[in-house]
Every structure is written in structure tokens, then in C-alpha cells.
Amino acid sequence: MSALEDARRFYARLMAANAASADPRLEEIFAGVPREAFLGPGPWTVIAGTSKITTPGADPIHLYQNVLVALDADKGINNGEPFLHAMWIGKLAPRPGEIVSHIGAGTGYYTALLARLVAPGGAVTAFEIEADLAARARTNLKAYDNVRVVHADAVTSGLPLSDIIYVNAGVAAPPAQWLKALRPGGRMVFPWRPAEQVPLALLVTRTTTGFACDPFMRSWFIPCVGASAIPDAAKIPTRQEASRSRSIWLLEDRPPDRTATAVLGDVWFSSKPIAGSGN
């Protein structure tokens, strides 16, 4: 085994362990999707806190660590923290045959992982609003016949009915149409940023009686175009209120009550769990 193969295998073991998932495919899939294929030629710029560090050379071995790699440093767009994405993917538990909408796909690395996890029979629609990144993703994902890359605004474009919605841009609240696009039993993970001091990742599950939510970790992503502004007349949660949120409701279905932790646009968040959700 070459040094690169050894590094890739160790990286995959770390990702699978961090995912805390029972899915035995995760390690193999992280090992089988070369990260360098989605980052362009090296050397690469790695983001470390507020610093930018250039890798010593163009050897892909430098990429098999839990590091952020710049895709567009001027716009603050990077390839994402692998540990975070491994954890998110583990929580979503993609299964063969499922339909995925990936919002903010970048150059397609995590799209590729999702595509492998829902094969055979599943498919991924990858939305990317930045034209150059969408073009790179389309090239990078040519070998994945179950992926469709769409250069579009996922806030104003209609999402296909989905078992999984994977959001990689910070939103003040999920647009109502994203929630409506979830199939029964469907899951959505997104970075919730209703205020500067509330950077949380939320897992949403559509049950037979509503949308259960679980704020499970801190998370920060660049803002989602069209869904990051705080709407007028919003009830903005404190960090404590946000962390107590256990369900999301559409205003058209139910008005906010005393359990409301946040009211933002067309949706509101409640501290009351969905009956039977286990929250």
C-alpha cells in the first residue's frame, strides 16, 4: 500500500468513527472517493482559524486530515470540515434507493459520498448557486450517473420530493417549500443561524404528525443566499431557546403558541416535541 493509500484509509477510518454510525459502508465510501479529485490541482490553501496556510506541495496526502480547504478564498467558500460532514451523514443515515437534494454542493465532494450511499436505486440533485463551482461540480461528478448538478438558487427553485435534504449554507429558517419537499420519514440537516450568537445544526425529521427537530451541535456556514436575512416581525431566539426547539411548524398549518422559541418567516419553532417522535 502506498503512503497516499495508507493516509486515505486512515482518514476513512477516522471519518467513520466520528460519524458514530452503524452503517458499515461509511469507511469504504470515504476511502473510495478521492478528495483531491474535487479540489483542483495543488498546492492547496488550508483554512486554520483566521489563517490561510498553503500545503507544502501538490501531494494529495496533505488533504487527508480534518482540514478546511479553500474553494474560493475571496468569498469564504471552502470544502467543509470532514469530521462535521461525517457526523451529519451519519445522523442522516442515507439508504440505497433514497432521493437526496444537496443544497450548496460546492465542487461536489460530499455530493459524491451521498451518491455512493444511496446507490443502487437512489439519486442526488446537487444545487449550487455559484456558476464556477457548479461547472466544476458537473465535471467532477461526470462518473456518477445518479447525480444531477443544477446551477440554481435552491430557495426559489422547486426541490424534488426528497428523502434527504442536505443543506450546506446557513439559513435564518428553512423555507417552507424545503419542509414540504420532505417525504414522510424524510430527514433534513441544515445550519440554523437566526442570530449571530445562535450557530446550530438542526436535524429535522418529517413524521406522520409534523416536523420533529433536534439541535445537535454547533455549526457555522456561510449565509444561504435568499434565506439568511431575518424577516420583519420575527421572534428571534436566544441560544437557550434555540437549543430547546423540538419541532417546526408551518404558519399556514398552525399559529405560534406559548411554546414558540422562534418565529421566522413562514415557519415557527416550538419547544414541544412531536407526539411519538422520541424527542
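Laboratory data are not the source of any read-out in this text; all were calculated from the coordinates shown. All values reported here derive from a predicted model rather than from experimental measurement. Ideal geometry is used to build each Cβ from the backbone, glycine not excepted, and the neighbour counts take in all protein chains shown.
Under a straight-distance cross-link criterion of Cα-Cα below 16 Å, which lysines are reachable from Lys52, leaving out those fewer than 8 residues away in the same chain?
Output for Lys52: Lys75.
What are the trypsin sites (Lys or Arg not before Pro) within segment 192-279 that DSSP puts in a loop, where the Cβ has at most 14 other Cβ atoms within 10 Å?
Listed in order of number, the matching sites are Arg258.
How high is the relative contact order of segment 122-279, in percent, with contacts defined as C-alpha pairs under 8 Å that are six or more residues apart?
18 percent
Scattering from the C-alpha atoms of the chain alone, worked out with Debye: what is log10 I(q)/I(0) at q = 0.10, 0.12 1/Å?
-0.51, -0.73
How many nm separate the modelled label positions at Thr45 and Glu28, each set 7 Å beyond the Cα in the direction of the Cβ?
3.8 nm
Stretch Ala233-Leu161 to full length: gain in nm at 0.36 nm per residue minus the Cα-Cα span?
Additional length available on full extension: 22.9 nm.
Among the GluC sites (Glu not before Pro) within segment 181-279, which fall in a DSSP loop and have no more than 14 other Cβ atoms within 10 Å of their own Cβ?
Answer by residue number: Glu196, Glu252.
Using the Cα atoms as the points, what is the convex hull volume per residue of segment 143-187 in Å³?
Looking at segment 143-187, the number lands at 100 Å³ per residue.
Pick from Ala20, Ala172, Ala227: which residue has the top mean-square fluctuation in a GNM of the chain where Cα pairs under 10 Å get a spring?
Comparing Ala20, Ala172, Ala227 in the GNM, the peak value goes to Ala20.
What number, in percent, do you get for the relative contact order of the chain if the mean sequence gap of Cα pairs under 8 Å and at least 6 apart is divided by its residue count?
Computed over the chain, the figure is 11 percent.
Computed over the Cα atoms, what is the radius of gyration of segment 1-83 divided by 2.2 N^0.38 Å, N being its residue count?
1.12
Give me the distance in nm between label points sitting 7 Å out from Cα along the Cα-to-Cβ direction at Ala135 and Asp153, one decimal.
So the label points at Ala135 and Asp153 sit 2.1 nm apart.
Give the Rg/Rh ratio for segment 115-259, taking Rg as the radius of gyration of the Cα atoms and Rh as the Kirkwood radius, to two decimals.
0.98
If you place +1 on the Cβ of every Lys and Arg, -1 on the Cβ of every Asp and Glu, and leave all else neutral, what size is the dipole of the chain about its Cα centre, to the nearest 20 Debye?
In debye, rounded to 20, the chain gives about 580.
Treating only the Cα positions of segment 174-279 as identical point scatterers, give the base-10 log of I(q)/I(0) from the Debye formula at each q in 0.20 Å⁻¹.
Taken in order of the listed q values, log10 I(q)/I(0) reads -1.05.
How many percent of DSSP beta bridges within the chain run antiparallel, rounded to 5?
60 percent
Can you list the HN-Hα couplings for segment 224-235, worked out from phi with the Karplus curve (6.51, -1.76, 1.60; θ = phi - 60°), rounded to whole Hz and with x for Gly and Pro?
Those phi angles translate into 7, 4, x, 9, 10, 6, 7, x, 4, 6, 7, 9 Hz.
Name the residue from Pro237, Pro194, Ala172 whose Cα lies farthest towards the positive end of the charge dipole of the chain, charges +1 on Cβ of Lys and Arg and -1 on Cβ of Asp and Glu.
Checked the options; the winner is Pro237.
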